[in-house]
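First the structure, in the form of structure tokens, and then the observations on it.
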Amino acid sequence: MKIFKKDKKRDIKNKEAIEISNTTDNTKSSVKLRVFRINAIQDPKDVHHFDEFQIPVKRWTTVLDALLDAKSYHDSSIAIRYSCRMASCGSCGMKINGIPRLACYTKISELATNTITCEPLPNFPYIRDLVTDFSQFINHHRSVMPYIQNKKADIPDVNELTEYEQTPEDLDKFLQFSYCIKCGLCYSACPTVATDLKFPGPQALSQAYRYFADSRDTDKSNRLKVIDTSHGISRCHFAGSCSNVCPKGVDPALGIQLLRSHLLGFSNSEKKIAKLQDRSSNPYTAEEGEGDTEKNENNDK
Amino acid sequence: MTSSNFKNNSNKRTRWFTNITLLRESQITKIHYITGISALFVVAIHILMRLIMPFNMSLEFENVILNYKNIFYALLLESILVLIAIHGFNGLRVILLEIRQTLIWERAVNILVIVAMIGIIAYGTRTIIIANGFSVG
């Protein structure tokens, strides 16, 4: 019975989503877009208001599409930062219906509501409308030295440059954390950053782990010194909201916990690594071979 | 002393004040965890000791003083005092550090917490010693 009820609920939700997407009637295929408006440069008193626009939507319309529609046909003064429209650049981060998300990666049909509220990312100073100042965020990122430091590297002698050797197992230790696009969603969702501006934030700390776990990096102690301060990694309360909002599946909370266990000397364990498949032989020919043997066995029977 | 010399000296003094770091944060965190876990055990023993006689009787003045006279029990109380003071005051320090992020506030909180911790431990130890009356039995 419970399963039946769940199915019914799901059907109703699907029908609502289809109604929003398919109907050509303006009243049903449009959403109310509420946009946070502020001009922190002209009006430093932090006075803001919301402008409302009725935007026609289709099944594939994203929040960024809706905002650009509002900018094109209603109010050209709306300030938005965007670039790639495919969740690669991390420019269009904003608070959509109370949760930090990428506007280009959030479909309106997914939100299952007719009112979409767009606000600038929390924990960032406002510049104008949905555009925020990332300088503090970038400074924190820079402070953890997000680059490989290898004293043995033979950079002065360009002719004898060799590639760093790294096994697939070593790569897998940090690969997940290297998918970070610096969109700032984790930083805006972090409750510690909200109260402590000196805290580097989940992005910088997970990047510190990304380079700490890299087998090519030889200067790990310096990076650990930077984050081992009174406003450093120890201030993380492990709320986990950074991992919840990450659009690329980086899981910064995991990086922070692994780095902390290394720092405290309680554990030297790395990220749990999935077993790699043996690709030494051609998988297609191997499968064919196995299939052939099965066929032969059946024929024998 | 010229004004530049005075400035340099005062800078050195403030630099000494701001650069003082007794322990790294990871070491403090380690101490925080260890004192927390240890305190859990000693407090458990302390509470269980109340159950060796009827609970009301255990809190009577004479029985409490008798407990203090037992050197092992006095040492247990002293360890509870030290562990809880270190753990608790560090917790308070962490909360206060998040309120403001200026260097002066940070140093002031650190010094205040250390002084308060030493004061509480000293006062508690004094009470234990007086109640114990230097008796080993």
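Numbers below:
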read-out	value
Residue check, residue B:85 without any contact (Cβ under 8 Å) to a residue 24 or more places away in the chain and small (Gly, Ala, Ser)	no
Residue A:194, sole failed condition from (1) away from chain B (no Cβ under 14 Å); (2) out of contact with any Gly (no Cβ under 7 Å at 6 or more places or on another chain)	(1)
Among the candidates B:106, B:78, residue that is in contact with a Ser or Thr (Cβ under 7 Å, 6 or more places away or on another chain), among the acidic types (Asp, Glu), farther than 30 Å from residue A:201 by Cβ and surrounded by 11 or more Cβ atoms within 10 Å (Cβ to Cβ)	B:78
Check on residue A:81, closer than 24 Å to residue A:181 by Cα and part of a strand (DSSP E or B)	no
Within the range A:217-235, considering residues that are within 11 Å of chain B (Cβ to nearest Cβ) and of a type outside the set (S, T, N, Q), the one farthest from residue A:174 (Cα to Cα)	A:231
Segments classed as helices (runs of 4 or more DSSP H), wholly inside the range B:21-137, with at least 3 members that are at pLDDT below 95 and under 30 Å from residue A:262 (Cβ atoms)	B:25-48, B:71-99, B:103-132
Count - residues of the range B:95-113 that are within 18 Å of residue B:28 (Cα to Cα) and touching a residue at least 12 places away in the same chain (Cβ under 8 Å)	6
Exclusive hit being farther than 24 Å from residue A:105 by Cα, surrounded by 14 or more Cβ atoms within 10 Å (Cβ to Cβ) and at pLDDT below 90, set A:136, A:166, A:149	A:149
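The values are calculated or read from the model by the stated rules, or taken from the named source; none is laboratory data. Fair warning: this is a prediction, and the values are worked out from it, not measured in the lab. Backbone-built Cβ (ideal geometry, glycine too); neighbour counts: all protein chains shown.
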